[in-house]
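**Q** Have a look at this one before I ask anything.
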2 protein chains.
Amino acid sequence: MNLQETDFFKNELKKELNLLEKYKERNLSLDMSRGKPSKAQLDISTSLLDELNSTSNFGKIDYRNYGINDGISEIKDVFCDLLGIKSEEIIVSGNASLNLMYDSLQRALQFGVLGGVPWNKQGLIKWLCPVPGYDRHFAVTELFGIQMINIPMKESGPDMDLVEELIKDESVKGIWCVPKYSNPQGIIYNDDTIKRFAKLKPKAMDFRVFWDNAYNVHGLYGYDPMLDVFHEAKKEGNEDLFYIFGSTSKITFAGAGVAYIYGSQKNMDAIRKFIGIQTIGPDKLVQLCHAKYLKNKDNIFKIMDRHADLLRPKFEKVIEILDNSFGDTGIAKYTRPRGGYFISVDLKAGTAKRTLQIALEAGVRFTNAGATFPYGRDPNDSNVRIAPSLPPINELIPAMEIFCCAAKIAYFEKKLGLL
Amino acid sequence: MNLQETDFFKNELKKELNLLEKYKERNLSLDMSRGKPSKAQLDISTSLLDELNSTSNFGKIDYRNYGINDGISEIKDVFCDLLGIKSEEIIVSGNASLNLMYDSLQRALQFGVLGGVPWNKQGLIKWLCPVPGYDRHFAVTELFGIQMINIPMKESGPDMDLVEELIKDESVKGIWCVPKYSNPQGIIYNDDTIKRFAKLKPKAMDFRVFWDNAYNVHGLYGYDPMLDVFHEAKKEGNEDLFYIFGSTSKITFAGAGVAYIYGSQKNMDAIRKFIGIQTIGPDKLVQLCHAKYLKNKDNIFKIMDRHADLLRPKFEKVIEILDNSFGDTGIAKYTRPRGGYFISVDLKAGTAKRTLQIALEAGVRFTNAGATFPYGRDPNDSNVRIAPSLPPINELIPAMEIFCCAAKIAYFEKKLGLL
């Protein structure tokens, strides 16, 4: 860098630091860290709570009582309509699909998959992790001591050449996928990626794709089509490879929805045997409320349109501020998701932590840098996950302005060798 | 047996067989197999469903949204009042305490207890099982391949001499207990038994008593006191030894209640770390409904009085029929529980299966003989669990009369060498 450039960066840094001081004077305390729905979104579905009361009919078999381990028929009907599957292919549980994923992994470790050797008895187990990805997925595999391998995400989905290469290793037992509006980039896996998943022939017979289709109906601009991996896998006779997850956490209530796992009847029957011992079954009244409220696929789409109307302006505002701040400076690259809950920003290598530290000092908390990578380690210290859903737009604006200011400061510091 | 006796038994058998034919002509189809509450019992708490609706206040932190892993403060307050514990000592979850037990066992197997070596890595693990006991407990330990050891139940509780002897073996890691109105005998552990539990010093540092106090407030004649094992254990500095479980399954709704685990803060903090990774937390709206409805200990007692009013006549009718049928014939010994959900009948050795087969042919299903023992094997083929709660009294009467008739037939068949 020549003297002229140095002076330019010093000058720019000074401008941003002055701006930051102005922000600090506002004594803000804003939280951009969690992918939570806003109050207005929760209000969309609050009439769900009017669906059951003391005068209701509780079903032929009384849903207040014991019985039924894998979900009531009414809620299965709704999800079968939504997902294009048969009722034998789904298990509907409580409010947390994360718990279904955790339990599926724990079962594979303790008991094996479809009669295979328990993973606990197979030595070191490895797992493919498209990055950046969902921190809570990675936390589960880390807890179980499973070795996580980063798979770069491309615009089409995970790097399938690498996936196809790595699954030749029998100790590689699975992969985390958020195929639609991936967390955090909002990428939709393209047809080629999904067809390659459907054809995947891992060395390990007990390999499972953990297909967390959390944002299936969570488009910002209506329902975006995505090739149905389960349907494609059936064509290949490969349907046992997939555990597919979803929930109503971001359709009805984030903390009080219903979750499901679906897949081949063979897989589901095996799981049913275990949950028949593990539990007395899910809360059937919550499921009944949901069935009455959600009704069918078309009605779910209508509900999701209302979510989109609340989320879209927030996403667009974030993108607008990023565009205005960074333009083609090259300071940041970011995604323009058509759905989901996040925007992924890649800052210059080595500046993500510093950026979020500066933002925090100015009163804005973001998801920790590194959180989107296994073990919390972003090898480039570059990725930041932006969660626009929770704050009202009047908080979102200063939060993002501070973020951009902080990113520039970190960038200029880096350029000047101060980092 | 002399000829006179043989003739007597043949004659008695004939009488009972004639009686059975009469029952068969009625073409009954009755189910006495499950410890389910009746519809009238479920109706007691149906106003719980009116506690929340779309106009409700959802808490300072919005309980519809994400957040809180171990239960909302309102429901913890209710249970802390009921149980005499602190909020740090309890975790409130979904509807199934069985799931809490299963998960506690699975965690110990996979991760160890409080930093100890995972049970999965300690070779053969053994478990003490007071018998007869609860089939679903035994199903969990069996699934995990844990070797179950029968501990005879006495009127005071489990045979504590045997328990104290067996826990000298480091591979013995736990014991199932239903301390109050034990399933199926309805025994209340006496003070001496509970004090000995509180003082237990197992060789295995990672031994845990799974204290399933499922029927804590489920008296038929008001609240029966029982020494508080957690309180006693604290006196001994031995509180880490206990995982204590309970639920509202038989207070509010069997299939849609809330469940809890409580114990030392050390134990609970360790569990919280895991559930923070396993799940997004319990359904907080269900917990809020329960907190509003249950209110406090005194109100729970009032609710339980209403259950008792429905259950007591059924229990007393069963006992009356048993008394009338068996008197002091010695054909059957049975308990006279003051609470809980079951009556335990010990028939003459070798006649339980046959009795239930005869009853089934006459249209009455009971819990399988053997179900109350580990591996479904009653070494004496003697014990039968009677579940009086579900059927209306007009079904209970013929069901029990058929049971008694069947037991006599099996008894006489045995006497005559026909079995």
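The values are calculated or read from the model by the stated rules, or taken from the named source; none is laboratory data. Remember, predicted model here, so these are calculated numbers, not experimental data. FYI the Cβ positions are ideal-geometry reconstructions off the backbone, even for glycines, and counts take in every protein chain you see.
**Q** Restricting attention to segment B:86-141, report how many residues are among the basic types (Lys, Arg) and either within 14 Å of chain A (Cβ to nearest Cβ) or in contact with a Pro (Cβ under 9 Å, 6 or more places away or on another chain) (or both). Please lay out each step first, then the result.
**A** At the first step, the residues of segment B:86-141 found to be among the basic types (Lys, Arg) are B:86, B:107, B:121, B:126, B:136.
With the extra rule that they be either within 14 Å of chain A (Cβ to nearest Cβ) or in contact with a Pro (Cβ under 9 Å, 6 or more places away or on another chain) (or both), the set shrinks to B:107, B:121, B:136.
Of the residues in segment B:86-141, 3 are among the basic types (Lys, Arg) and either within 14 Å of chain A (Cβ to nearest Cβ) or in contact with a Pro (Cβ under 9 Å, 6 or more places away or on another chain) (or both).
**Q** Right, here's the next one. In this structure, is A:Ile149 in contact with a Leu (Cβ under 7 Å, 6 or more places away or on another chain) and assigned to a strand (DSSP E or B)? Even if it seems obvious, please write down each step before you answer.
**A** Details: in contact with a Leu (Cβ under 7 Å, 6 or more places away or on another chain): yes; assigned to a strand (DSSP E or B): yes.
So A:Ile149 fits the description; yes.
**Q** In segment A:245-295, how many are in contact with a helix residue (DSSP H, G or I) (Cβ under 7 Å, 6 or more places away or on another chain), among the basic types (Lys, Arg) and within 20 Å of B:Ser247 (Cβ to Cβ)?
**A** Residues that pass the stated criteria total 0.
**Q** Let me ask something else about it. Looking at A:Val209, A:Val140 in this structure, which one is in contact with a Cys (Cβ under 9 Å, 6 or more places away or on another chain) and either of a type outside the set (D, E, K, R) or without any contact (Cβ under 8 Å) to a residue 60 or more places away in the chain (or both)? So that I can check it myself, show each step before the final result.
**A** Working: A:Val140 fails: in contact with a Cys (Cβ under 9 Å, 6 or more places away or on another chain).
Answer to the selection: A:Val209.
**Q** Anything in segment A:177-220 that is touching a Gly at 6+ places or on another chain (Cβ under 8 Å) and basic (Lys, Arg)? List them, or say none.
**A** The answer is A:Lys180, A:Arg208.
**Q** Considering (1) over 24 Å from B:Ile146 (Cβ atoms); (2) out of contact with any helix residue (DSSP H, G or I) (no Cβ under 9 Å at 6 or more places or on another chain), say which one B:Tyr221 fails and leave the rest.
**A** (2)
**Q** Still on this structure, I have one more. Could you say whether any residue in segment A:320-337 is over 25 Å from A:Leu220 (Cβ atoms) and not hydrophobic (A, V, I, L, M, F, W, C)?
**A** Checked segment A:320-337: at least one residue is over 25 Å from A:Leu220 (Cβ atoms) and not hydrophobic (A, V, I, L, M, F, W, C).
**Q** Condition test on A:Ile319, is it within 24 Å of A:Thr372 (Cα to Cα), surrounded by fewer than 23 Cβ atoms within 10 Å (Cβ to Cβ) and at pLDDT 95 or above? Spell out how you get there, then give the answer.
**A** On the way: within 24 Å of A:Thr372 (Cα to Cα): yes; surrounded by fewer than 23 Cβ atoms within 10 Å (Cβ to Cβ): yes; at pLDDT 95 or above: yes.
So A:Ile319 passes the test.
**Q** Among the residues of segment B:251-307, which ones are at the interface with chain A (Cβ under 9 Å from one of its Cβ atoms), aromatic (Phe, Trp, Tyr) and crowded, with 24+ Cβ neighbours inside 10 Å?
**A** Listed by number, the list holds a single entry, B:Phe253.
**Q** Taking A:Thr248, is it within 13 Å of chain B (Cβ to nearest Cβ), in contact (Cβ under 8 Å) with a residue 60 or more places away in the chain and out of contact with any Cys (no Cβ under 6 Å at 6 or more places or on another chain)?
**A** For A:Thr248, the condition - within 13 Å of chain B (Cβ to nearest Cβ), in contact (Cβ under 8 Å) with a residue 60 or more places away in the chain and out of contact with any Cys (no Cβ under 6 Å at 6 or more places or on another chain) - is not met.
**Q** Where the second residue is hydrophobic (A, V, I, L, M, F, W, C) and in a loop (DSSP other than H, G, I, E, B) and the first is touching a residue at least 12 places away in the same chain (Cβ under 8 Å) and lies in segment A:296-309, which pairs have Cβ atoms under 8 Å and are six or more apart or on separate chains?
**A** Cβ pairs passing all conditions: A:Ile300/A:Val217; A:Ile300/A:Ile251; A:Phe301/A:Val217; A:Ile303/A:Ile251; A:Met304/A:Val217; A:Met304/A:Ile251; A:His307/A:Ile251; A:Ala308/A:Leu220.
**Q** Would you please name the residue that is farthest from the other protein chains (Cβ to nearest Cβ), looking only at residues in segment B:14-28 that are among the charged types (D, E, K, R) and touching a residue at least 12 places away in the same chain (Cβ under 8 Å)?
**A** Once the filter is applied, the top-ranked residue is B:Glu16.
**Q** Take the residues in segment B:1-47 that are of a type in the set (D, E, K, R) and under 26 Å from the mean Cα position of the chain (by Cα), then tell me which one is farthest from B:Ile343 (Cα to Cα). Please lay out each step first, then the result.
**A** Quick first cut of segment B:1-47, residues of a type in the set (D, E, K, R) only: B:5, B:7, B:10, B:12, B:14-16, B:21-22, B:24-26, B:31, B:34, B:36, B:39, B:43.
Of the ones still in play, those that are also under 26 Å from the mean Cα position of the chain (by Cα) are B:31, B:34, B:36, B:39, B:43.
Working: B:Asp31: 15, B:Arg34: 12, B:Lys36: 14, B:Lys39: 20, B:Asp43: 24 Å.
By that ranking, first place goes to B:Asp43.
**Q** Looking at A:Glu401, A:Glu395, A:Glu413, which is the one that is charged (D, E, K, R), within 21 Å of A:Gln41 (Cα to Cα) and in a helix (DSSP H, G or I)? Quick ask: steps written out before the conclusion?
**A** Details: A:Glu401 fails: within 21 Å of A:Gln41 (Cα to Cα); A:Glu413 fails: within 21 Å of A:Gln41 (Cα to Cα).
Testing whether each residue is charged (D, E, K, R), within 21 Å of A:Gln41 (Cα to Cα) and in a helix (DSSP H, G or I) leaves just A:Glu395.
**Q** Among what's in segment A:250-280 and is among the β-branched types (Val, Ile, Thr) and at pLDDT 95 or above, pick the residue that is nearest to A:Leu42 (Cα to Cα). Full working, then the answer.
**A** Quick first cut of segment A:250-280, residues among the β-branched types (Val, Ile, Thr) only: A:251-252, A:258, A:261, A:271, A:275, A:277, A:279-280.
Next, from what is left, pick out any that are at pLDDT 95 or above: A:251-252, A:258, A:261, A:271, A:275, A:277, A:279.
Details: A:Ile251: 9, A:Thr252: 7, A:Val258: 15, A:Ile261: 23, A:Ile271: 32, A:Ile275: 30, A:Ile277: 34, A:Thr279: 29 Å.
Selected residue: A:Thr252.
**Q** Within segment A:29-61, work out how many residues are over 21 Å from A:Phe315 (Cβ atoms) and more than 12 Å from chain B (Cβ to nearest Cβ).
**A** Pass one, segment A:29-61, residues over 21 Å from A:Phe315 (Cβ atoms): A:29, A:46-61.
Subset that is more than 12 Å from chain B (Cβ to nearest Cβ): A:29, A:60.
Selection size over segment A:29-61: 2.
**Q** Filter segment A:324-334 down to the residues that are part of a helix (DSSP H, G or I) and surrounded by 13 or more Cβ atoms within 10 Å (Cβ to Cβ) and list them by number. If you could, list the steps in order and put the result at the bottom.
**A** Quick first cut of segment A:324-334, residues part of a helix (DSSP H, G or I) only: A:324-326.
Listed by number, the residues that qualify are A:Ser325, A:Phe326.
**Q** Another question, then. From A:Thr367, A:Thr372, grab the single residue that is at pLDDT below 95, touching a strand residue (DSSP E or B) at 6+ places or on another chain (Cβ under 7 Å), within 15 Å of A:Gly35 (Cβ to Cβ) and β-branched (Val, Ile, Thr). First the steps, then the outcome.
**A** Values: A:Thr372 fails: at pLDDT below 95.
Result: A:Thr367 is the single residue among A:Thr367, A:Thr372 that is at pLDDT below 95, touching a strand residue (DSSP E or B) at 6+ places or on another chain (Cβ under 7 Å), within 15 Å of A:Gly35 (Cβ to Cβ) and β-branched (Val, Ile, Thr).
**Q** What number of residues within segment B:81-115 satisfy the criterion of being on the phi < 0 side of the Ramachandran plot, assigned to a loop (DSSP other than H, G, I, E, B) and buried (at least 16 other Cβ atoms within 10 Å of the Cβ)? Steps first, please.
**A** Residues of segment B:81-115 that are on the phi < 0 side of the Ramachandran plot, as a first pass: B:81-83, B:85-111, B:113.
Of the ones still in play, those that are also assigned to a loop (DSSP other than H, G, I, E, B) are B:85-86, B:93-96, B:113.
Pick out the ones that are also buried (at least 16 other Cβ atoms within 10 Å of the Cβ) and you get B:85, B:93-96, B:113.
The total comes to 6.
**Q** Which residue is surrounded by the most Cβ atoms within 10 Å (Cβ to Cβ), if the candidates are limited to segment B:30-63 and must be of a type outside the set (Gly, Ala, Ser) and over 21 Å from B:Gly255 (Cα atoms)? Quick ask: steps written out before the conclusion?
**A** Within segment B:30-63, the subset of a type outside the set (Gly, Ala, Ser) is B:30-32, B:34, B:36-37, B:39, B:41-44, B:46, B:48-53, B:55, B:57-58, B:60-63.
Still in the list and also over 21 Å from B:Gly255 (Cα atoms): B:30, B:55, B:57-58, B:60-63.
Values: B:Leu30: 19, B:Thr55: 8, B:Asn57: 9, B:Phe58: 21, B:Lys60: 7, B:Ile61: 14, B:Asp62: 20, B:Tyr63: 24.
Going through the qualifying residues, I end up with B:Tyr63.
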